[in-house]
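I have placed the structure first, in the form of structure tokens, so that the comments after it can refer back to it.
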Amino acid sequence: MPKTLLHVFPSFVAAGSQQRTVQLMAAFGDRYKHRIVALDGRMDALDLLPSEIDATQAVPAATGGWMSGVRALRNLLKKEQPDLLLTYNWGSFDAVLAARIQARRAHVHHEDGFNMDEAQRQKQRRVLARRTFLRSAYRVVMPSRRLADIARDVWRLPSDRVQLISNGVHLDRFTPQAPSDSESGAAIRARHGIPQDALVVGAVGHLRPVKNYERLFGACARLDKGLTTPGVHVLLLGDGPEREKLERAARGLVPPGGMVHFAGHQKDLPPYYRAMDVFVISSDSEQQPVSLLEAMAVGVAPVATDVGDVRTCMGPAGEAYLTPLSEADPESHLARSIEALLRDESLRHELGAGASARARELYSFELMLETYRELYEGATAS
């Protein structure tokens, strides 16, 4: 009989940790039943699951207020009696407290990074809460070395409770060449009105402040006007609360000879990566962005802000295309890196090929899946 996993998310939108979880659910098949709590009620990412996966929404009966939320989640745990509770990021901390009240050992907490309110500095009360209440979890899982170090050194969690699991990519799908049954990059360009000979700068992610896509638009607007022919187009995939604000910003930050295209959320990402010449991370905070690993696997030359484990992901060959946020003008630095690659096709191909080889060596989905499977089996057996 399959065991039941209860997942508690701040929001179950199609963002990084949610998409990783959906992929794991699909790969686990009928091994588990899944109950999903989205504390904001958003369940968009459920649409990404294959219909045969047993996954349904669970709604705690909260009446408002902080303690009410904890009580509602405690009551939900009592009602559902899941074999394993899985919580995700600071926004799920009411469920962490509910698990602690119940002295629940079958609990794994996942931390994928910080929002804008902790991008530069963690809030002390949250540090103290993590330090106090995460100690009782079976494991606290992080995708990046930097975050694992924070868990041990700042949150002071026991080393045997902290587990580093790198994100992984379906390398059979994220390939430089499109399979015969997949759309080509050329088809994606045509769909969005981008000329086939244009230069395309791409980004993928949830549209929220910490991603700082205005920095990307500003960097591309600063590119040399000599690139007007063949023209530079920005292709942004994703959706979220910042979309209207970003659409307004894009009207005033136009790349030479092109425009910014908002493609929204897309289920089939590999063809979009194949439409790009350069892939950019412009964030104020990241840990190990899945979109970067996907772009690398496809062979797109990456440019990024030097945050989290991005430097480790890109490796020595990519260090010249990292922008430190300590720079006086990070936007200008990012623009120089993008322009260097747009002007040199052979350099783009060389960097992209190296990135693809690195992703295939270090970041396979199969390795990630097996590690999570062993973790969850160990937690449910404890």
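The values are calculated or read from the model by the stated rules, or taken from the named source; none is laboratory data. Since the model is a prediction, treat every value here as computed from it, not as a measurement. Quick reminder, even Gly has a Cβ in these numbers, built from the backbone with ideal geometry, and neighbours come from all protein chains shown.
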**Report entry** Failed criterion for Ser180 (all others in (1) modelled with pLDDT of 90 or more; (2) part of a loop (DSSP other than H, G, I, E, B); (3) among the hydroxyl-bearing types (Ser, Thr, Tyr) hold)
**Finding:** (1)
Query raised in the report: Tell me, which residue of region 29-38 that is surrounded by fewer than 19 Cβ atoms within 10 Å (Cβ to Cβ) and of a type outside the set (Lys, Arg) is farthest from Asp83 (Cα to Cα)?
Result: Gly29
**Report entry** Matching entry among Leu24, Leu73, Leu85, Leu48 (being in contact with a His (Cβ under 9 Å, 6 or more places away or on another chain), touching a residue at least 40 places away in the same chain (Cβ under 8 Å) and closer than 26 Å to Gln287 by Cβ)
**Finding:** Leu85
Query raised in the report: Within region 354-382, restricting attention to residues that are without any contact (Cβ under 8 Å) to a residue 60 or more places away in the chain and surrounded by fewer than 16 Cβ atoms within 10 Å (Cβ to Cβ), which residue is farthest from Leu199 (Cα to Cα)?
Result: Ala381
Report summary line: Going through (1) assigned to a helix (DSSP H, G or I); (2) over 20 Å from the mean Cα position of the chain (by Cα); (3) surrounded by fewer than 15 Cβ atoms within 10 Å (Cβ to Cβ) one by one, Ser326 fails only at (1)
**Report entry** Cross-chain or 6+ apart pairs with Cβ under 6 Å, region 114-127 first and closer than 13 Å to Asn212 by Cα, then among the hydrophobic types (A, V, I, L, M, F, W, C) and not in a loop (DSSP other than H, G, I, E, B)
**Finding:** Asn115/Val210; Met116/Val210; Ala119/Val210
Requested in this report: Determine if region 295-309 includes at least one residue that is surrounded by fewer than 17 Cβ atoms within 10 Å (Cβ to Cβ), in a loop (DSSP other than H, G, I, E, B) and either more than 20 Å from the chain's Cα centre (by Cα) or touching a residue at least 60 places away in the same chain (Cβ under 8 Å) (or both).
Outcome: no
Report task. Examine region 120-131 for a residue that is at pLDDT 95 or above, in contact with a Lys or Arg (Cβ under 6 Å, 6 or more places away or on another chain) and under 27 Å from Cys313 (Cβ atoms), and state whether such a residue exists. Result -> no
Query raised in the report: Across region 200-230, what is the number of residues that are among the small types (Gly, Ala, Ser) and surrounded by fewer than 22 Cβ atoms within 10 Å (Cβ to Cβ)?
Result: 3
Query - Breaking point among (1) within 22 Å of Asp30 (Cα to Cα); (2) polar (S, T, N, Q); (3) in the same structural domain as Met296 (by TED's automatic domain parsing), for Ser337 - result: (1)
Query raised in the report: Within region 124-132, can one find any residue that is closer than 30 Å to Ile338 by Cβ and surrounded by 14 or more Cβ atoms within 10 Å (Cβ to Cβ)?
Result: no
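Condition check ((1) within 21 Å of the chain's Cα centre (by Cα); (2) assigned to a loop (DSSP other than H, G, I, E, B)) across all residues:
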{"site": "Glu214", "(1), (2)": "yes, no"}
{"site": "Gly226", "(1), (2)": "no, no"}
{"site": "Ala263", "(1), (2)": "yes, no"}
{"site": "Gln266", "(1), (2)": "yes, yes"}
{"site": "Met276", "(1), (2)": "yes, yes"}
Query raised in the report: Which residue, of Ser285, Ser291, is hydroxyl-bearing (Ser, Thr, Tyr), at pLDDT below 95 and under 25 Å from Val22 (Cα atoms)?
Result: Ser285
Requested in this report: Filter region 3-59 down to residues that are under 20 Å from Glu374 (Cβ atoms), of a type in the set (A, V, I, L, M) and touching a Phe, Trp or Tyr at 6+ places or on another chain (Cβ under 8 Å), then give me how many there are.
Outcome: 4
Query raised in the report: Under the condition of being surrounded by 15 or more Cβ atoms within 10 Å (Cβ to Cβ) and touching a helix residue (DSSP H, G or I) at 6+ places or on another chain (Cβ under 7 Å), which residue from region 183-199 is nearest to Ala263 (Cα to Cα)?
Result: Ile188
